[in-house]
Each structure stands twice: as structure tokens, then as C-alpha cells.
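Undergrad: I have a structure here, written as C-alpha cells, and I will follow up with some questions on it.
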Amino acid sequence: MAIDILIDDTRWRSINVIDLVNQAYVKTITCFGLSADSCESALVASNDRRISKLNAQHRDQNKPTNVLSWPTDELRAEIDGDLPKPPKPDPDDVYHLGDIVISYDSCEREAIFERKSLSDHTTHLFVHGLLHLLGYDHHRELDAALMEQTEIEILATMGLADPYIAR
């Protein structure tokens, strides 16, 4: 089943976001021993205007952000630095991990500032959002370190450099 992608802003087509996200989705899911056929998710490839509204509505922050995610289940670890609970897909059904929205404007602005390609930065932010669906978080110090290291390892399987090293 993999991922359902809605392109809400046509600028995303410039980097072939559908192929990019599908590849990143499969790589990330398989890193956790899951099958892309047993899990699904949805992505809205949008812009700052839409993500600002969602950020205000769901997080009381009236400003744009690069990525938002809504996990179906709360898998976050209770103890800072512990691994999240693994999702438990039903063998007879597809497990919906949750939904992600990503902003073209914020991604492009950050990619330019960080001197990264838009494709690489988008891949990183999509993996970041997907990890949130899998219970990873960065609000506590040890959880943040675990999430960052997991992102680095997953991106490396795709041939991408550590996104946290300044260029």
C-alpha cells in the first residue's frame, strides 16, 4: 500500500516528490523490519500558507513550519532515550501509521540557507515526519539524540550525508 501523496502545491513536481517520498518511505519502513505492504501513511505536499493554518489549529503556533505529523497511535517511549513502542500491524489488515504535511516554502528556504539540495532536505524532513509517526520525538534531550541518530542512519542507507553537519 505504501504512501498516499496529495500534491497541494505544484512546485513539488520540480523535484519529483512522488518518487522521492515513495523511495524514502520504503527505505525507512524496512529499516524497522516492517513491510511497505503492511503499513500505509498519507502525505500532503503543501506550502507555508496551508501549514501555518494547520500549525495554528493543532499546535497553537501561528507560523509556518517545515513538517507536521499526526501519528495514528501514541508509540512514544515513556522514558527519555528509550526506543519507541513498535507499531503492531495486523497481519490481516494494513496499519495506518498516520499523516504528514510538508511545506515547500519552508523546505526550500531551509535548503538554500543550509546549502543543501531541495531533494535531500525534503527527504530528510519526510523521514523526520515519518519517524514521528513511528513514535520518535525530540522534546526530551535523550529522545532528540536518538531521533537524530536514527535519521542519520536511515538517510545513509539512501546515500545521503548527515543533515546535521553544517556545510
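The values are calculated or read from the model by the stated rules, or taken from the named source; none is laboratory data. Here the structure is a predicted model, which means the values were calculated and not measured. Cβ: placed from backbone, ideal geometry, glycine included. Neighbour counts: every protein chain shown. All accessible areas refer to the heavy atoms of the entire protein, side chains included, with ligands and DNA or RNA removed. Shrake-Rupley method; radii C 1.70, N 1.55, O 1.52, S 1.80 Å.
Undergrad: Kindly provide the helix-only [θ] at 222 nm of the chain, computed as the sum of -39,500 (n - 2.57) over DSSP H runs of four or more divided by all residues, to the nearest 500 deg cm²/dmol?
TA: -14000 deg cm²/dmol
Undergrad: If you average the alpha carbon positions of region 46-73 and of region 107-165, how far apart do those two centres end up, in angstrom?
TA: 18
Undergrad: How much of the accessible area of the chain, in percent, comes from carbon and sulfur atoms when a 1.4 Å probe is used?
TA: Reported share for carbon and sulfur atoms: 51 percent.
Undergrad: For Q149 and D73, what does the FRET efficiency come to when R0 = 22 Å and r is the distance between their Cβ atoms, rounded to the nearest 0.05?
TA: 0.45
Undergrad: What is the diffusion coefficient of region 69-167 in µm²/s, taking the Kirkwood radius over Cα pairs and the Stokes-Einstein relation at 37 °C with a viscosity of 0.692 mPa s?
TA: 226
Undergrad: Report ³J(HN,Hα) in whole Hz for each residue of region 26-32, in order, from the Karplus equation J = 6.51 cos²θ - 1.76 cosθ + 1.60 where θ = phi - 60°; Gly and Pro get x.
TA: So the Karplus estimates, Gly and Pro as x, are 4, 4, 5, 4, 5, 4, 9 Hz.
Undergrad: Hey, which lysines would be in cross-link range of K53, C-alpha to C-alpha under 16 Å, not counting anything within fewer than 8 residues on its own chain?
TA: Output for K53: K63.
Undergrad: If you count, for each residue, the other Cβ atoms within 10 Å and average over each peptide, how do 138-146, 63-71 line up from highest to lowest?
TA: Per-residue Cβ counts within 10 Å, averaged per peptide and sorted highest first, yield 63-71, 138-146.
Undergrad: For D92 and T30 in the same chain, what is the full-extension length gain: residue separation times 0.36 nm, less their Cα-Cα distance, in nm?
TA: Here the segment from D92 to T30 would lengthen by 20.4 nm.
Undergrad: At q = 0.14, 0.16 Å⁻¹, what log₁₀ I(q)/I(0) does a Debye calculation on the Cα points of the chain give, no solvent, two decimals?
TA: For the chain at q = 0.14, 0.16 Å⁻¹, log10 I(q)/I(0) is -0.71, -0.94.
Undergrad: Turning to a different aspect of this structure: So what J values fall out for region 65-75 if you push phi through Karplus, 6.51 cos²θ - 1.76 cosθ + 1.60 with θ = phi - 60°, rounded to Hz, Gly and Pro as x?
TA: Calculated HN-Hα couplings, in order: 9, 7, 8, 10, 9, 10, x, 5, 10, 7, 10 Hz.
Undergrad: Figure the gain on full extension for A156 and S117 (residue separation times 0.36 nm, minus the Cα-Cα span) and round it to one decimal in nm.
TA: Computed gain between A156 and S117 is 12.5 nm.
Undergrad: Okay, next question. Which cross-chain or sequence-distant (5 or more) residues have an amide H under 5 Å from the amide H of I5, H modelled 1.01 Å from N in plane?
TA: The answer is L43.
Undergrad: So how much accessible area does K27 have, in Å² to the nearest 10, using a 1.4 Å probe?
TA: 80
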